[in-house]
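The values are calculated or read from the model by the stated rules, or taken from the named source; none is laboratory data. Computed from a predicted model, the values in this text were never measured in an experiment. Glycine gets a Cβ as well: all are built from the backbone with ideal geometry, and neighbour counts include every protein chain shown.
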Amino acid sequence: MYKKIIIVAAIFISVTSFSVYTQNISDALRYSYLTPGGTARFMSMGGSFGALGGDFSTLSINPAGIGVYRSSEITFTPSLYHNTVNSEYYGTTADDFQYNFNMHNLGGVFNFSVPGDEDKPGWRSVNLGIGFNRHNNFNMRRVTEGVNPDNSMLTAWLDQAINEEGANPANFDPFSTWLAWDTYLIDSTDTAPYLMVDPESGGLQTRQESNVSGSVRDFVLTMGANYNDRLYLGGTFGFPSVSYSETTTHYETDVQDTIQFLNSFSYKHNLTTTGAGFNFKFGAIFRATDMIRLGAAIHTPTFYELNDRWNAEVNSDITFIEGDRHKLNSKSKEGRFDYEINTPLKAIGSLGLIFGTNGLINIDYEYIDYSNTRLRSDNYSFTKENIEISDDLTAQHVIRAGGEIIFHPFVLRAGYAYYTNPYESGINNTERSLFSAGFGIRENNYSIDFAYMFKMQDEEYYPYGASYTDPISNEYNKNAFMVTLGLRF
């Protein structure tokens, strides 16, 4: 009777009052921690192009690269991704993979010569560029399996119900503890909630499945100019758009029949994030000598306006003391919340070496302090979350290096990029390494470029709180194959 009364009362709980709990340090980092993308030529050189220019991808890195163009060009880059995730949890390993086809780049640069005497110093050309480059391919599938010997996600939910929600079912989170309570995983007396099942002895077989999709697409509008074939300047208005979707299902099963009443339960959570932002990028390239080029670029913060939509579902399979078996289901309403993310300022310095018609080398250094990322909303202060961001995130240093050797009309390329850990030491480790290679055929009026990229990243995370479980260790391996068709006129 007590539970029925509370169910009727809880119908009037506002779903949006709990919405702020879905925005946190992970969201802030996901959309500000970018791995740049673009053409096959750019990717095969590790994304290192800041002092070279003459490639559409530089519009998202150093806009001065547009000034290097001496003709107009249209580029088109389809790509195929193959992502593998290897997971380990309490000594049990599992893996899964996913293929993904997408458009990595589409854009055009249009060259306009400036009339004048080429024997005198002056502006040689003005170039305009429009299109997009795709960053941060989120697509992946992840499977984790293992046996927690000590407790369960239910243990974490009960502590949340008692210590954070005042042991009052009317205050239960409609996306977690309420669903557990509505499916009799958590029950309640007049004084306190308790677990219908007792997972303290551990031994529940755990399986977690995640399916993620989406990307960040950087739509760019760029203008640049060439002064005396010595100084190249450029500016880009960037309009990145965010598309992110994640479905994670957590299963726990009493395979050894040691937990009273419980056969199994599952918790499914869906999250979709959409939105867009804007930023400005300014850059310069200086041709010090025929061999040496120096590049520099500044990216303003990106000001995102995002919308999260999410829901959750719990299924329980319980056999009560009298032997009756019940399979119960409870679904939440959809949560919605609008908020902003302000990413940090970014600075890039570059050195390029041009060896005549034989080849070239470029090295980029990038600095960005992720502790300056901020979450904002008119309906919530995010004070706690922004303090966590300031304390837990730090400056990241990125080194990208790449080169190409020319055997006209064939070109061979290779590159490497290293991204340091954006977390403070001891909190988490998401440093990345990227290896790439490729080749191309470049003629006066067209080019065909091929690239292969391999990216490695290790990650540890806790599926339901560090106090209740060991972390899941994930090893991400991403393989990308892409081809760029370019037409010059």
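For the condition modelled with pLDDT of 95 or more and under 22 Å from Ser350 (Cα atoms), what is the one hit in Ser32, Ser72, Ser48, Ser79? Steps first, answer last, please.
Values: Ser32 fails: modelled with pLDDT of 95 or more; Ser72 fails: under 22 Å from Ser350 (Cα atoms); Ser79 fails: under 22 Å from Ser350 (Cα atoms).
Ser48 is the lone residue from the list that is modelled with pLDDT of 95 or more and under 22 Å from Ser350 (Cα atoms).
Results for (1) in contact with a helix residue (DSSP H, G or I) (Cβ under 7 Å, 6 or more places away or on another chain); (2) acidic (Asp, Glu); (3) within 30 Å of Asp458 (Cα to Cα), shown as yes or no for each residue.
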site: Ser72; (1), (2), (3): no, no, no
site: Pro78; (1), (2), (3): no, no, yes
site: His82; (1), (2), (3): no, no, yes
site: Asn102; (1), (2), (3): no, no, yes
site: Gly108; (1), (2), (3): no, no, no
site: His135; (1), (2), (3): no, no, yes
site: Phe138; (1), (2), (3): no, no, yes
site: Gln160; (1), (2), (3): yes, no, yes
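Name the strands (runs of 3 or more DSSP E) wholly within the stretch 314-376 that hold at least 2 residues that are of a type in the set (Phe, Trp, Tyr) and at negative phi?
Numbers: elements: 325-331, 335-342, 346-354, 359-369, 374-376.
Because the criterion is at least 2 residues that are of a type in the set (Phe, Trp, Tyr) and at negative phi, the strands (runs of 3 or more DSSP E) in the stretch 314-376 that meet it are 335-342, 359-369.
Which residues, counting only those in the stretch 225-252, are within 30 Å of Tyr267 (Cβ to Cβ), surrounded by 21 or more Cβ atoms within 10 Å (Cβ to Cβ) and of a type outside the set (A, V, I, L, M)? Give the derivation first.
The first filter runs over the stretch 225-252 and keeps only residues within 30 Å of Tyr267 (Cβ to Cβ), leaving 242-252.
Applying the additional criterion that residues be surrounded by 21 or more Cβ atoms within 10 Å (Cβ to Cβ) yields 242, 244, 252.
If the condition is that a residue be within 30 Å of Tyr267 (Cβ to Cβ), surrounded by 21 or more Cβ atoms within 10 Å (Cβ to Cβ) and of a type outside the set (A, V, I, L, M), then Tyr244, Glu252 are the ones that fit.
Would you mention how many residues in the stretch 204-224 are aliphatic (A, V, I, L, M), buried (at least 19 other Cβ atoms within 10 Å of the Cβ) and more than 14 Å from the chain's Cα centre (by Cα)?
Count: 2.
Within the stretch 96-106, restricting attention to residues that are under 14 Å from Pro78 (Cβ atoms) and not aliphatic (A, V, I, L, M), which residue is surrounded by the fewest Cβ atoms within 10 Å (Cβ to Cβ)? It would help to see each step written out before you state the result.
Of the stretch 96-106, the ones under 14 Å from Pro78 (Cβ atoms) are 99-106.
Filter once more, keeping what is not aliphatic (A, V, I, L, M): 99-102, 104-105.
Numbers: Tyr99: 11, Asn100: 17, Phe101: 9, Asn102: 17, His104: 30, Asn105: 27.
Checking each candidate, the answer is Phe101.
To keep it simple, each residue is scored yes or no on (1) touching a Pro at 6+ places or on another chain (Cβ under 9 Å); (2) assigned to a strand (DSSP E or B); (3) within 27 Å of Tyr81 (Cα to Cα).
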{"position": "Ala401", "(1), (2), (3)": "no, yes, yes"}
{"position": "Ile405", "(1), (2), (3)": "no, yes, yes"}
{"position": "Ser425", "(1), (2), (3)": "no, no, no"}
{"position": "Thr430", "(1), (2), (3)": "yes, no, yes"}
{"position": "Ser436", "(1), (2), (3)": "no, yes, yes"}
{"position": "Ile441", "(1), (2), (3)": "yes, yes, yes"}
{"position": "Glu460", "(1), (2), (3)": "yes, yes, yes"}
{"position": "Tyr476", "(1), (2), (3)": "no, yes, yes"}
{"position": "Ala480", "(1), (2), (3)": "no, yes, yes"}
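Looking only at residues in the stretch 54-71 that are of a type in the set (A, V, I, L, M) and farther than 15 Å from Thr39 by Cα, which one is farthest from the chain's Cα centre (by Cα)? Give the derivation first.
Looking only at the stretch 54-71, we keep the residues that are of a type in the set (A, V, I, L, M), and these are 59, 61, 64, 66, 68.
Imposing the further condition that a residue be farther than 15 Å from Thr39 by Cα reduces the set to 64, 68.
Values: Ala64: 27, Val68: 31 Å.
Taking the candidates together, the pick is Val68.
Conditions first: (1) surrounded by 16 or more Cβ atoms within 10 Å (Cβ to Cβ); (2) at pLDDT 95 or above; (3) of a type in the set (A, V, I, L, M, F, W, C). Ile259 passes all but one, so which condition is the exception?
Of the numbered conditions (1) surrounded by 16 or more Cβ atoms within 10 Å (Cβ to Cβ); (2) at pLDDT 95 or above; (3) of a type in the set (A, V, I, L, M, F, W, C), the odd one out for Ile259 is (2).
Name the single residue that is farthest from Ser79 (Cα to Cα) among those in the stretch 137-167 being in a helix (DSSP H, G or I) and of a type in the set (S, T, N, Q).
Here is the first cut: in the stretch 137-167, the residues in a helix (DSSP H, G or I) are 153-164.
Going one step further and asking which of them are of a type in the set (S, T, N, Q), we end up with 155, 160, 163.
Details: Thr155: 44, Gln160: 44, Asn163: 49 Å.
Going through the qualifying residues, I end up with Asn163.
Which of the residues spanning the stretch 202-237 are within 24 Å of Thr35 (Cα to Cα) and not in a strand (DSSP E or B)?
none
Filter the stretch 385-401 for residues that are touching a residue at least 40 places away in the same chain (Cβ under 8 Å) and closer than 24 Å to Phe435 by Cα; which is surrounded by the fewest Cβ atoms within 10 Å (Cβ to Cβ)? Give the derivation first.
Keep residues of the stretch 385-401 that are touching a residue at least 40 places away in the same chain (Cβ under 8 Å), which gives 385, 388-389, 392-393, 396, 400-401.
Those still in the list that are closer than 24 Å to Phe435 by Cα too: 396, 400-401.
Working: Gln396: 23, Arg400: 26, Ala401: 19.
The selected residue is Ala401.
Just the residues that are among the aliphatic types (A, V, I, L, M) and either under 21 Å from the mean Cα position of the chain (by Cα) or on the phi > 0 side of the Ramachandran plot (or both), please, taken from the stretch 251-276. Lay out the reasoning, then the answer.
Here is the first cut: in the stretch 251-276, the ones among the aliphatic types (A, V, I, L, M) are 255, 259, 262, 271, 276.
Within the stretch 251-276, Leu271, Ala276 meet the criteria.
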